[in-house]
Amino acid sequence: MSHGEHNFEQLHFQPAPALSGDLPGPRSQAMLAEQDELESSARSYPRSIPVAIEEGRGATMRDADGNTFIDFFGGAGVLNVGHSHPTVLEAARAQEQKLVHALDFPTTPKLGLMRKLRELLPGRLRESARFHFGGPTGSDAIESALKLTRAHTGREAVIAFQGSYHGMTKEALSLTSDTSFGGPVSTPVHFMPYPYCYRCPLGLKPESCELACAKLLDTALEDPHAGIPKPAAVLIEPIQGEGGTIVPPEGYLKEVRRITRKHDVPLVCDEIQTGFARTGKMFACEHDGVQPDVITLSKALGGIGYPISCIAYDSELDTWKQGAHIGTFRGHQVAMAAGLAAIELMQEVDLAGHAAELGELTLALLREAHETLPCVGDVRGKGLMIGIELVKDRDTKEPWPEMAAQVRSECFQGA
Ligand SMILES: Cc1ncc(COP(=O)(O)O)c(C=O)c1O
């Protein structure tokens, strides 16, 4: 059944939001208390949004007390077609009846998914991409991308960017710039400044900087005295997600592509969060017309939340020996069938165009808030990947995390 055959009421809980009584409600409170006894102290989301979730449908969620919320989080970039979309569920259920686990044998869902991805990828990748499915999470795709580019180039070091987030496994963590995760750094990694123009790390203005941060990357790769050995890869998020929804200025990514090509360094675009229509294009690197050598994919690749990740890469990099990179869960057939169904749905309803349109509308409204509310320091985004930066003072740009927490809490309370 196609998306068009489902009406709004079937796709989302109605009405939404709909709250009864104080939050968290009694069942949520009891479940949060039990979680407190059982689960690791590292858990995070329920500390700032204290709720026990029972059901999700489309863009809405229901808690254990029957309260209905609008879900602006989308499973951290996973649920691009919403919770439990009926078309995707149907494909997943049908596959579950046939085959769930298949290592790396060819199967109908896997071949279908690879063919579909090829159809959508930018540039040469469209004709000749190779795919590698590794472990099920985004971090696994990052590990694969590093291992592949290292094997291919025979180099060890990697260039990543300040503000980056690439995951929690050892290599991915080494490439994640936020030191508060306290990870052991195993990779020789060099962090270059990312074009965070609202707080330019070089103290410049976007109108006149002439992409100085990209020039710095060029120098780092060119100058033998830069202290950076020629890297196996430059790894970049086309829009930084966890770093604060940082959208590079037009032309920046293209310049990074030009520079990496000039220095013969593979460019890896981490599209784990930006991929699959979220930014108004199927992949965010398309905004700049950039073709990476490797793209890492996960999150929305699993359709409605099934765990799966893969890398898509230029066939010239396909120099791995048989069995060079393996993994027990590299053939999750239900995730593949769901991913394929979700991508077909995205195409059918032009989800990217829809995200672009809604994104423009949302940004216009938020820019009005920027005009009138002094605490709104910056509003930025592409498609429906949008961030608002709250500051105590527009001149000093001092961040206001307490205000962000309060806004979040009041949204949760339906205030
Ligand atoms: C850009 C990016 N890369 C990699 C990851 C890691 O993915 P996972 O949490 O599935 O390992 C994330 C997760 O948020 C991400 O946003």
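The values are calculated or read from the model by the stated rules, or taken from the named source; none is laboratory data. Source: prediction; values computed, not measured. Using ideal geometry, Cβ is built from the backbone for each residue, glycine included, and neighbour counts are taken over all protein chains shown. Calculation scope for accessible area: heavy atoms of the full protein, side chains included, ligands and nucleic acids excluded. Shrake-Rupley method; radii C 1.70, N 1.55, O 1.52, S 1.80 Å.
Which number comes out as Rg/Rh for the chain once both Rg and the Kirkwood Rh are worked out on C-alpha atoms? So for the chain, dividing Rg by the Kirkwood Rh gives 0.96. Under a Gaussian network description of the chain, with springs only between Cα atoms under 10 Å, the residue in ILE228, ILE246, ILE311 that fluctuates furthest is ILE228.
Max-minus-min Cα coordinates of segment 295-402 on each principal axis give 58, 33, 29 Å, with the largest extent listed first. The alpha carbons of segment 1-54 occupy a box of 44, 26, 16 Å along the principal axes, longest dimension given first.
Between the C-alpha center of segment 157-231 and that of segment 112-126 there is a gap of 29 Å. Here segment 322-415 has 57 percent of its accessible surface on carbon and sulfur atoms, given a 1.4 Å probe and all protein chains in place. Sorted from longest to shortest, the spans of the Cα atoms of segment 1-111 along the three principal axes equal 49, 36, 23 Å. Residues LYS281, LYS230, ordered by accessible area of protein heavy atoms at a 1.4 angstrom probe radius and largest first, appear as LYS230, LYS281. The Cα center of segment 1-75 and the Cα center of segment 356-384 differ in position by 26 Å.
Amide hydrogen proximity for CYS209: with H placed 1.01 Å from N in the peptide plane, no residue at 5 or more positions away or on another chain lies under 5 Å. Considering only HIS132, HIS263, HIS190, the Gaussian network model of the chain with Cα springs below 10 Å gives its largest mean-square fluctuation to HIS263.
By the helix-only formula, in which each DSSP H run with n ≥ 4 contributes -39500 (n - 2.57) and the sum is divided by residues, the chain has a 222 nm mean residue ellipticity of -10500 deg cm²/dmol.
With θ taken as phi - 60° and the Karplus curve 6.51 cos²θ - 1.76 cosθ + 1.60 applied, the whole-hertz 3J(HN,Hα) list for segment 102-107 is 8, 6, 10, 6, x, 9 Hz, x standing for glycine and proline. Expressed as a whole percent, the accessible surface of segment 13-71 that belongs to carbon and sulfur atoms is 51, based on a 1.4 Å probe.
By the rule of a C-alpha distance below 23 Å, with chain neighbours fewer than 8 residues away ignored, the lysines paired with LYS254 are LYS205, LYS215, LYS230, LYS262, LYS281, LYS382. Going by a ≥ b ≥ c, the root eigenvalues of the Cα gyration tensor, does segment 127-238 fall in the rounded group (a/c under 1.5), the prolate group (a/b larger than b/c) or the oblate group? Prolate shape, in that a/c is at least 1.5 and a/b is the bigger ratio. For segment 45-73, backbone nitrogen atoms closer than 19 Å to the point 7 Å from ASP36 Cα along Cα-to-C-beta are found at 45-53, 64-65. Each of the peptides 267-274, 365-372 was scored by the mean count of other Cβ atoms within 10 Å over its residues; in descending order, highest first, they stand as 267-274, 365-372.
Between ALA226, ALA356, ALA160, the residue with the greatest mean-square fluctuation in the GNM of the chain (Cα pairs under 10 Å linked by springs) is ALA226. What the phi angles of segment 334-349 give under the Karplus curve with 6.51, -1.76 and 1.60, with θ = phi - 60°, is a coupling list of 5, 4, 5, 5, 5, x, 4, 4, 5, 5, 4, 5, 4, 5, 4, 9 Hz, glycine and proline written as x. Each Lys and Arg Cβ is given +1 and each Asp and Glu Cβ -1; about its Cα centre, segment 113-231 then shows a dipole of about 460 debye. Amide H contacts of ILE386: none lie under 5 Å away among residues 5 or more positions distant or on a separate chain (H built 1.01 Å from N in the peptide plane; Pro and chain starts excluded). Close amide H pairs (under 5 Å, H built 1.01 Å from N) link ASP71 with THR60, MET61, residues at least 5 positions away or on another chain.
Charge dipole (Cα centre; +1 on Lys/Arg Cβ, -1 on Asp/Glu Cβ; no other charges) of the chain amounts to roughly 1160 debye.
Here segment 87-207 has 55 percent of its accessible surface on carbon and sulfur atoms, given a 1.4 Å probe and all protein chains in place. Across segment 256-268, computed HN-Hα scalar couplings (Karplus, 6.51 cos²θ - 1.76 cosθ + 1.60, θ = phi - 60°) run 4, 5, 4, 5, 5, 5, 4, 9, 6, 10, x, 9, 9 Hz from first to last residue, x flagging Gly and Pro.
In the full protein context, the chain carries 48 Å² of accessible surface per residue, based on a 1.4 Å probe and ignoring ligands, DNA and RNA.
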